[in-house]
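Student: Pasting a structure below so you can have a look.
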Amino acid sequence: MREEESVGKKQAFRSGFVAIVGRPNAGKSTLVNRLVGQKIAIVTSKPQTTRNRIQGIVTSAEGQIIFIDTPGMHEANSALGRQMMQELAAALEGIDVLLLMMDVSRPELRADELLLEKARRFRGKTILALNKIDRLPKPKLLPVTESFAKAFDFAAIVPVSALKGSGCDALLKEIWKHLPEGAPYFPEDQVTDQPERFLASEIIREKAIQVMYHEVPYALAVFAEKFEETPKLLRIEALLNVERDSQKKILIGHKGEMIKRIGTEARKELERLFGTKIYLGLHVKVAPDWRENPQKVRELDWRHQLEELTEAAHDREDQEDQEE
Ligand SMILES: Nc1nc2c(ncn2[C@@H]2O[C@H](COP(=O)(O)OP(=O)(O)OP(=O)(O)O)[C@@H](O)[C@H]2O)c(=O)[nH]1
Ligand SMILES: [Mg+2]
């Protein structure tokens, strides 16, 4: 007897796309990392950390879920903010399930009209994840859940703690219910669509945001200009852009202490993540008001950078062909 027959009818494989949408700092990236079981998106205590949409892929016996982490929804008042909101809009295209996320530890939590609007416009099922329940006394959870149930006809409302992991299995269970049958989109060992080169620049940005204050985290952009694997180590050279000289001074710190600390912390985490020895070089430059410059902002998008890198590689190949 075949194994499938012994356990009765085998469940069909399901696959689909789920966008996670919420206010900045709700815990979207924390949830994606938790569900994927690996760090693919950076997390900080400061709002507006995520700038581009990133896919986090979960594959199990039941099927494959492609989560799309998105920038936190906010009123954009710069070219960067507008691009972040475009990334959010792009993430919603072609998804199977919309996953709204609210932070229950926020005082005066109530149904967020802008978020509900996204749910109303979406034709498929919307699930609400109430995050950070580890910070809420239990008796307070029921009234919160009831008020959200009144505000919109969610397919499910699931209390979770993305940080501690509670409720995450229940959340997955609800998502599976609404995914169509279908083949996997990605190989089962792939966890993200974001190449390592860009994850590296994000990890550097995360370490910098964690130690920076005031405007500096928001004015920072990181580009991995070199990403070369040699037999002995991985060589990464990254450019850190800030908007002003004063920010550059803060980022470098007294006698270079700050940038050194960022470099050490980033290198340690990257070595753990990539499982290889790493040389990490960091260079700080001022790009005045880059957040207001649509061209500069576009360069931040790793998909755009990838296109440019591919084009440059093709040009090099063409040139080599001609020289032969
Ligand atoms: N106590 C608690 N903190 C959490 C939980 N989930 C996330 N956090 C914290 O909330 C902060 C923001 O988390 P992120 O995952 O970066 O939030 P985000 O929604 O991706 O934020 P943006 O990228 O800015 O939109 C971090 O300090 C997390 O550690 C949770 O379940 N409980
Ligand atoms: Mg995020």
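The values are calculated or read from the model by the stated rules, or taken from the named source; none is laboratory data. Please read these numbers as outputs of a predicted model, since none were measured by experiment. As a convention, Cβ positions derive from the backbone with ideal geometry for all residues, glycine included, and neighbour counts pool all protein chains shown. Calculation scope for accessible area: heavy atoms of the full protein, side chains included, ligands and nucleic acids excluded. Shrake-Rupley method; radii C 1.70, N 1.55, O 1.52, S 1.80 Å.
Student: How about segment 93-115: which of its residues are open to solvent by less than 40 Å² (accessible area, probe 1.4 Å), assigned to a loop (DSSP other than H, G, I, E, B) and either in contact with a Phe, Trp or Tyr (Cβ under 8 Å, 6 or more places away or on another chain) or over 18 Å from PRO24 (Cα atoms) (or both)?
Tutor: Passing the criteria: ILE95, ALA111.
Student: Only one of LEU179, LEU163 is open to solvent by 60 Å² or more (accessible area, probe 1.4 Å) and either modelled with pLDDT of 95 or more or in the same structural domain as GLU108 (by TED's automatic domain parsing) (or both); which?
Tutor: LEU163
Student: So, LYS132, is that one in contact (Cβ under 8 Å) with a residue 24 or more places away in the chain, open to solvent by 30 Å² or more (accessible area, probe 1.4 Å) and either of a type outside the set (A, V, I, L, M) or within 15 Å of LYS28 (Cβ to Cβ) (or both) or not?
Tutor: Details: in contact (Cβ under 8 Å) with a residue 24 or more places away in the chain: yes; open to solvent by 30 Å² or more (accessible area, probe 1.4 Å): yes; either of a type outside the set (A, V, I, L, M) or within 15 Å of LYS28 (Cβ to Cβ) (or both): yes.
Spelling it out, LYS132 is indeed in contact (Cβ under 8 Å) with a residue 24 or more places away in the chain, open to solvent by 30 Å² or more (accessible area, probe 1.4 Å) and either of a type outside the set (A, V, I, L, M) or within 15 Å of LYS28 (Cβ to Cβ) (or both).
Student: In addition: Taking segment 176-225 as the search range and keeping residues that are among the aromatic types (Phe, Trp, Tyr) and in a helix (DSSP H, G or I), which one is farthest from the chain's Cα centre (by Cα)? Let's see the steps before the verdict.
Tutor: Start the filter on segment 176-225 by keeping residues that are among the aromatic types (Phe, Trp, Tyr), which leaves 176, 185-186, 198, 213, 218, 223.
Filter once more, keeping what is in a helix (DSSP H, G or I): 176, 198.
Numbers: TRP176: 21, PHE198: 12 Å.
The extreme case among them is TRP176.
Student: Name the residue that is farthest from ligand 2 (Cβ to nearest atom), counting only residues in segment 52-80 that are charged (D, E, K, R) and within 8 Å of the chain's Cα centre (by Cα).
Tutor: Here is the first cut: in segment 52-80, the ones charged (D, E, K, R) are 53, 62, 69, 75.
Remaining after also requiring within 8 Å of the chain's Cα centre (by Cα): 53, 69.
Working: ARG53: 10, ASP69: 6 Å.
Looking at the filtered set, the residue picked out is ARG53.
Student: Counting only residues that are within 16 Å of ligand 1 (Cβ to nearest atom), in a loop (DSSP other than H, G, I, E, B) and charged (D, E, K, R), how many does segment 52-75 have? If you could, list the steps in order and put the result at the bottom.
Tutor: Restricting attention to segment 52-75, the residues satisfying the condition of being within 16 Å of ligand 1 (Cβ to nearest atom) are 52-56, 67-75.
Within this subset, residues satisfying the condition of being in a loop (DSSP other than H, G, I, E, B) are 52-53, 70-75.
Now drop any that are not charged (D, E, K, R), which leaves 53, 75.
Number of matching residues: 2.
Student: Still on this structure: Just to be sure, is LYS118 open to solvent by 70 Å² or more (accessible area, probe 1.4 Å) and either more than 16 Å from ligand 2 (Cβ to nearest atom) or among the hydrophobic types (A, V, I, L, M, F, W, C) (or both)?
Tutor: Details: open to solvent by 70 Å² or more (accessible area, probe 1.4 Å): no; either more than 16 Å from ligand 2 (Cβ to nearest atom) or among the hydrophobic types (A, V, I, L, M, F, W, C) (or both): yes.
So LYS118 does not fit the description; no.
Student: Among ALA155, ALA90, which is the only one that is more than 16 Å from ligand 1 (Cβ to nearest atom) and either open to solvent by 40 Å² or more (accessible area, probe 1.4 Å) or assigned by TED's automatic domain parsing to the domain that holds ILE40 (or both)? Full working, then the answer.
Tutor: Values: ALA90 fails: more than 16 Å from ligand 1 (Cβ to nearest atom).
Answer to the check: ALA155.
Student: Please go through segment 16-50 and give me each residue that is hydroxyl-bearing (Ser, Thr, Tyr) and out of contact with any Asp or Glu (no Cβ under 8 Å at 6 or more places or on another chain), ordered by number. Full working, then the answer.
Tutor: From segment 16-50, those hydroxyl-bearing (Ser, Thr, Tyr) are 29-30, 44-45, 49-50; that's our starting set.
Scanning segment 16-50 gives THR30, SER45.
Student: Looking only at residues that are of a type in the set (Asp, Glu) and under 27 Å from the mean Cα position of the chain (by Cα) in segment 289-323, which one is least open to solvent (accessible area, probe 1.4 Å)?
Tutor: To start, the set of residues in segment 289-323 that are of a type in the set (Asp, Glu) comprises 289, 292, 299, 301, 307-308, 311, 315, 317-318, 320-321, 323.
Add one more test, that the residue is under 27 Å from the mean Cα position of the chain (by Cα), and what stays is 289, 292, 299, 301, 307-308, 311.
Details: ASP289: 72, GLU292: 101, GLU299: 59, ASP301: 16, GLU307: 108, GLU308: 99, GLU311: 111 Å².
It comes out as ASP301.
Student: So which residues in segment 208-224 are touching a residue at least 40 places away in the same chain (Cβ under 8 Å) and open to solvent by 20 Å² or more (accessible area, probe 1.4 Å), if there are any at all?
Tutor: Once the filter is applied, which keeps residues that are touching a residue at least 40 places away in the same chain (Cβ under 8 Å) and open to solvent by 20 Å² or more (accessible area, probe 1.4 Å), segment 208-224 yields GLN210, VAL211, TYR218, PHE223.
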